[in-house]
Amino acid sequence: SASVINGDTIFVYNGTYSLDAMSKSLTITGESADLVTIDLGNTGRVISGTGTIFERLRFTNGLISFTQTGASANMIVRNCIFENMKNPGTAAGSINFGGVNNTLSGNIFRNNNVYNLVYLATPGPQTVENNLFINTASTATIKGVIRFATGSGHIVRNNTFINNNMPCILLQNSGSNT
């Protein structure tokens, strides 16, 4: 919306909503990840607003890219649920993380049948910490729940992996990552 400006906080109440591409720097806070669903409409969405924060939302039915252009930075996705995300049909992931200093923290990723679930990309660093990954499946030959694809300085720590039928971490490009 034109009335929304960089730095605004949007509180989202119980319900199911759609999300288009977003380039503004916003904080979007849901009432609860169990109550607020963002239906991605069986397609991909691009988020590129530097400093954007998503919290307490449930994402489903699509792909989401936190820009891979390197232009966006300091995005945070925390205390969200990612469920029934879509397979991109390529080597990328259902959740693509590019840009600089972006963080996935305290999220639950459950019941996803994908090529790669989280794809860490250029330039980095990206941080993936304190998340739960449960029931992730794939029939692809090169796959990972978390895939280190490109970039450097990525940090993956203190995550829990339960009942996934694919490698939890795929090191495609492991240079300077921890």
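The values are calculated or read from the model by the stated rules, or taken from the named source; none is laboratory data. In this text the structure is predicted, and so the values were computed from the model without any measurement. Note: ideal-geometry Cβ built from the backbone for every residue, glycine included; neighbour counts use all protein chains shown. Accessible surface is based on the protein model in full, side chains and every heavy atom, while ligands, DNA and RNA are left aside. Shrake-Rupley method; radii C 1.70, N 1.55, O 1.52, S 1.80 Å.
Yes or no: N96 within 15 Å of the chain's Cα centre (by Cα), modelled with pLDDT under 95, open to solvent by less than 20 Å² (accessible area, probe 1.4 Å) and polar (S, T, N, Q)? Yes.
Could you tell me whether any residue of region 145-157 is more than 23 Å from N42 (Cα to Cα), assigned to a strand (DSSP E or B) and touching a Leu at 6+ places or on another chain (Cβ under 9 Å)? Yes, the conditions are met somewhere in region 145-157.
Filtered by the rule that a residue be open to solvent by less than 40 Å² (accessible area, probe 1.4 Å), assigned to a strand (DSSP E or B), at pLDDT 90 or above and out of contact with any Phe, Trp or Tyr (no Cβ under 6 Å at 6 or more places or on another chain), region 119-136 gives T127, V128, E129, T136. Of the residues examined, L35 is not one that is free of Cβ contacts under 8 Å to residues at least 40 places away in the same chain and under 19 Å from F148 (Cβ atoms). Residues in region 1-17 that are farther than 21 Å from R110 by Cβ and not aliphatic (A, V, I, L, M): S1, S3, N6, G7, D8, T9, F11, Y13. The one condition from (1) more than 27 Å from T122 (Cβ to Cβ); (2) touching a Leu at 6+ places or on another chain (Cβ under 6 Å); (3) of a type outside the set (D, E, K, R); (4) open to solvent by 20 Å² or more (accessible area, probe 1.4 Å) that T16 does not meet is (2).
Here is a yes/no grid of residues against (1) over 15 Å from the mean Cα position of the chain (by Cα); (2) at pLDDT 90 or above; (3) hydroxyl-bearing (S, T, Y):
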| position | (1), (2), (3) |
| --- | --- |
| V4 | yes, no, no |
| F11 | yes, yes, no |
| G15 | yes, yes, no |
| A21 | no, no, no |
| I28 | no, yes, no |
| E31 | yes, yes, no |
| V36 | yes, yes, no |
| L57 | no, yes, no |
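Among the residues making up region 26-69, those that are assigned to a loop (DSSP other than H, G, I, E, B), closer than 17 Å to N102 by Cβ and open to solvent by less than 30 Å² (accessible area, probe 1.4 Å) are L26, G49, G51, T52, L57, T67. Residues in region 99-118 that are part of a loop (DSSP other than H, G, I, E, B) and open to solvent by 20 Å² or more (accessible area, probe 1.4 Å): N101, G106, Y115. Output the residues belonging to region 82-93 that are open to solvent by less than 10 Å² (accessible area, probe 1.4 Å), in a strand (DSSP E or B) and modelled with pLDDT of 85 or more. Result: F82, single match. Of all the criteria given as (1) out of contact with any Pro (no Cβ under 8 Å at 6 or more places or on another chain); (2) modelled with pLDDT under 85; (3) open to solvent by less than 60 Å² (accessible area, probe 1.4 Å); (4) in a strand (DSSP E or B), the one not satisfied by G175 is (4).
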